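Colleague: Pasting a structure below so you can have a look.
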Ligand SMILES: Cc1cc2nc3c(=O)[nH]c(=O)nc-3n(C[C@H](O)[C@H](O)[C@H](O)COP(=O)(O)OP(=O)(O)OC[C@H]3O[C@@H](n4cnc5c(N)ncnc54)[C@H](O)[C@@H]3O)c2cc1C
């Protein structure tokens, strides 16, 4: 990509649900918009659960992750924002003229009147199974995400973890796998109550408090054929044959560019303190989605959408103090007259 010295009204950092919806809404507010995303594809965290069913986005019937990403991208492109993919923002400075200078790891410079931070918890790095040599099975049957449910059909699957992902995959795979065993180091699960209850009532075998202690390779060394499951209190071991292991131990996100608190941004527990209007402690910088922290935060897709709209409205007022507080009813926008439904 050639250096783009244009000064944008709004630069959105992060191309997940918050960033993509902000890009759409920003266009609706007639703001010249750019999105910078570290990954080579848009969609944010939804990319780690492309095959999972998403039930809780208003107005959408149960939809899988891929479908939602594709619809978000379509919507975000309505007003043709500039998209810079594969660039990690590493610094933000305010120039003498008040504009922001954003630098990325590709040594590119971006210029903007306002910034919306939609970085989620940062660039996602998945927590790996803490067993020496286990990484060799990542190309065969050790999975950190599920990209193709079909590969588990009629297989014996062991899932390690106790959060939303582990519970969701257990429920998705239970009807199609030969067996599903969930191993978790605590008796309580962190997933949504309804889905935890569904898992408990199903044929999923739940082993708590257990953790995977070792893996045994098949004779040809290419895949895992058995896992050693150790009781977390009495340390008794249980050996289980398996065709596939799915590990959902959460993420170790990289939000390092906020470590030195650029422009005095207030970071609390790796999230940004915001006002209800999504203003951060640095004027002209707003936040939306999982990165933001205020008394009504909901770290879910629906929450990200609302906050994206609020952040854009705040950015609009920052640039044009006399502008309307929020966008007119969407159907009034001229752009929609050319869009058929
Ligand atoms: C397994 C799992 C299942 C879930 N299921 C559901 C569900 O069913 N329903 C629901 O509502 N929510 C669900 N969630 C939560 C939902 O995915 C998040 O709330 C949502 O993705 C938050 O969107 P976001 O845009 O704020 O952040 P993200 O989706 O995390 O996107 C942030 C983007 O910013 C990019 N980025 C970060 N730092 C930089 C940087 N320095 N430079 C450039 N780019 C950067 C990242 O690469 C990423 O693409 C689930 C989450 C997980 C992990």
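The values are calculated or read from the model by the stated rules, or taken from the named source; none is laboratory data. Worth saying up front: this structure is predicted, and the values here are computed from it rather than measured. Using ideal geometry, Cβ is built from the backbone for each residue, glycine included, and neighbour counts are taken over all protein chains shown.
Colleague: Residue 42: surrounded by 22 or more Cβ atoms within 10 Å (Cβ to Cβ), in a loop (DSSP other than H, G, I, E, B), touching a residue at least 40 places away in the same chain (Cβ under 8 Å) and within 13 Å of the ligand (Cβ to nearest atom), yes or no?
Modeller: Working: surrounded by 22 or more Cβ atoms within 10 Å (Cβ to Cβ): yes; in a loop (DSSP other than H, G, I, E, B): yes; touching a residue at least 40 places away in the same chain (Cβ under 8 Å): yes; within 13 Å of the ligand (Cβ to nearest atom): yes.
Answer is yes for this residue.
Colleague: Suppose the filter is assigned by TED's automatic domain parsing to the domain that holds residue 37 and either over 25 Å from residue 167 (Cβ atoms) or at pLDDT 95 or above (or both); does residue 259 pass it?
Modeller: Details: assigned by TED's automatic domain parsing to the domain that holds residue 37: yes; either over 25 Å from residue 167 (Cβ atoms) or at pLDDT 95 or above (or both): yes.
The answer is yes for residue 259.
Colleague: So if I check each of 258, 272, which one is touching a helix residue (DSSP H, G or I) at 6+ places or on another chain (Cβ under 6 Å), over 22 Å from residue 145 (Cα atoms) and within 13 Å of the ligand (Cβ to nearest atom)? Outline the logic, then answer.
Modeller: Numbers: 258 fails: touching a helix residue (DSSP H, G or I) at 6+ places or on another chain (Cβ under 6 Å).
Within the list 258, 272, the selection yields 272.
Colleague: Looking at (1) within 11 Å of the ligand (Cβ to nearest atom); (2) assigned to a helix (DSSP H, G or I); (3) over 30 Å from residue 129 (Cα atoms), which is the only condition residue 290 fails?
Modeller: (3)
Colleague: Which of the following residues is in contact with a strand residue (DSSP E or B) (Cβ under 7 Å, 6 or more places away or on another chain), part of a loop (DSSP other than H, G, I, E, B) and away from the ligand (no atom under 15 Å from the Cβ): 295, 281?
Modeller: Numbers: 295 fails: in contact with a strand residue (DSSP E or B) (Cβ under 7 Å, 6 or more places away or on another chain).
281 is the lone residue from the list that is in contact with a strand residue (DSSP E or B) (Cβ under 7 Å, 6 or more places away or on another chain), part of a loop (DSSP other than H, G, I, E, B) and away from the ligand (no atom under 15 Å from the Cβ).
Colleague: Of all the residues that make up segment 112-165, how many are closer than 30 Å to residue 91 by Cα, surrounded by fewer than 22 Cβ atoms within 10 Å (Cβ to Cβ) and modelled with pLDDT of 95 or more?
Modeller: 1
Colleague: For the condition out of contact with any helix residue (DSSP H, G or I) (no Cβ under 8 Å at 6 or more places or on another chain) and in a strand (DSSP E or B), what is the one hit in 147, 194, 228? Quick ask: steps written out before the conclusion?
Modeller: On the way: 147 fails: in a strand (DSSP E or B); 194 fails: in a strand (DSSP E or B).
Unique residue meeting the criteria: 228.
Colleague: Still on this structure: Would you check which residues across segment 9-26 are part of a helix (DSSP H, G or I) and either touching a strand residue (DSSP E or B) at 6+ places or on another chain (Cβ under 6 Å) or on the phi > 0 side of the Ramachandran plot (or both) and list them? Don't jump to the end; show me each part of the working.
Modeller: Going residue by residue through segment 9-26, those that are part of a helix (DSSP H, G or I) are 17-26.
Result: 19, 22, 23, 26.
Colleague: Still on this structure: Please pick out the residue among 225, 241, 235, 172 that is over 24 Å from residue 55 (Cβ atoms), outside the structural domain of residue 91 (by TED's automatic domain parsing) and in contact (Cβ under 8 Å) with a residue 40 or more places away in the chain.
Modeller: Numbers: 225 fails: in contact (Cβ under 8 Å) with a residue 40 or more places away in the chain; 235 fails: in contact (Cβ under 8 Å) with a residue 40 or more places away in the chain; 172 fails: over 24 Å from residue 55 (Cβ atoms).
It is 241.
Colleague: Checking the structure you have, find out if any residue of segment 178-192 is surrounded by fewer than 19 Cβ atoms within 10 Å (Cβ to Cβ) and closer than 23 Å to residue 155 by Cα. Don't jump to the end; show me each part of the working.
Modeller: Start the filter on segment 178-192 by keeping residues that are surrounded by fewer than 19 Cβ atoms within 10 Å (Cβ to Cβ), which leaves 178-179, 185-188, 190, 192.
Those left that are additionally closer than 23 Å to residue 155 by Cα: 178-179.
Yes, segment 178-192 contains at least one residue that is surrounded by fewer than 19 Cβ atoms within 10 Å (Cβ to Cβ) and closer than 23 Å to residue 155 by Cα.
Colleague: Quickly run through segment 151-167 and pick out the residues that are under 24 Å from residue 131 (Cβ atoms) and either within 12 Å of the ligand (Cβ to nearest atom) or more than 21 Å from the chain's Cα centre (by Cα) (or both). Show your work before the answer.
Modeller: If we filter segment 151-167 for residues that are under 24 Å from residue 131 (Cβ atoms), which is where we start, we get 151-152, 155-167.
Once the filter is applied, which keeps residues that are under 24 Å from residue 131 (Cβ atoms) and either within 12 Å of the ligand (Cβ to nearest atom) or more than 21 Å from the chain's Cα centre (by Cα) (or both), segment 151-167 yields 151, 152, 155, 156, 157, 158, 161, 163, 164, 165, 166, 167.
Colleague: Considering segment 30-39 alone, what residues qualify as being out of contact with any helix residue (DSSP H, G or I) (no Cβ under 8 Å at 6 or more places or on another chain) and near the ligand (Cβ under 7 Å from one of its atoms)?
Modeller: Of the residues in segment 30-39, the ones out of contact with any helix residue (DSSP H, G or I) (no Cβ under 8 Å at 6 or more places or on another chain) are 30, 32, 34, 36, 38.
Within segment 30-39, 36, 38 meet the criteria.
Colleague: Just give me the residues in segment 47-80 being assigned to a helix (DSSP H, G or I), within 9 Å of the ligand (Cβ to nearest atom) and free of Cβ contacts under 8 Å to residues at least 60 places away in the same chain, in sequence order.
Modeller: Selection gives 47, 65.
Colleague: How many residues does segment 231-260 hold that are over 30 Å from residue 123 (Cβ atoms) and within 31 Å of the chain's Cα centre (by Cα)? It would help to see each step written out before you state the result.
Modeller: Of all residues in segment 231-260, those over 30 Å from residue 123 (Cβ atoms) come to 231-243.
Okay, now just the ones that are also within 31 Å of the chain's Cα centre (by Cα), so 232, 242-243.
Of the residues in segment 231-260, 3 are over 30 Å from residue 123 (Cβ atoms) and within 31 Å of the chain's Cα centre (by Cα).
Colleague: Return a yes/no flag: does segment 91-109 have any residue that is surrounded by fewer than 18 Cβ atoms within 10 Å (Cβ to Cβ) and near the ligand (Cβ under 9 Å from one of its atoms). Reasoning before the result, please.
Modeller: Of the residues in segment 91-109, the ones surrounded by fewer than 18 Cβ atoms within 10 Å (Cβ to Cβ) are 91, 93-99, 101, 103, 105-109.
Among the residues that remain, those that are also near the ligand (Cβ under 9 Å from one of its atoms) are: 105.
Yes, segment 91-109 has at least one match.
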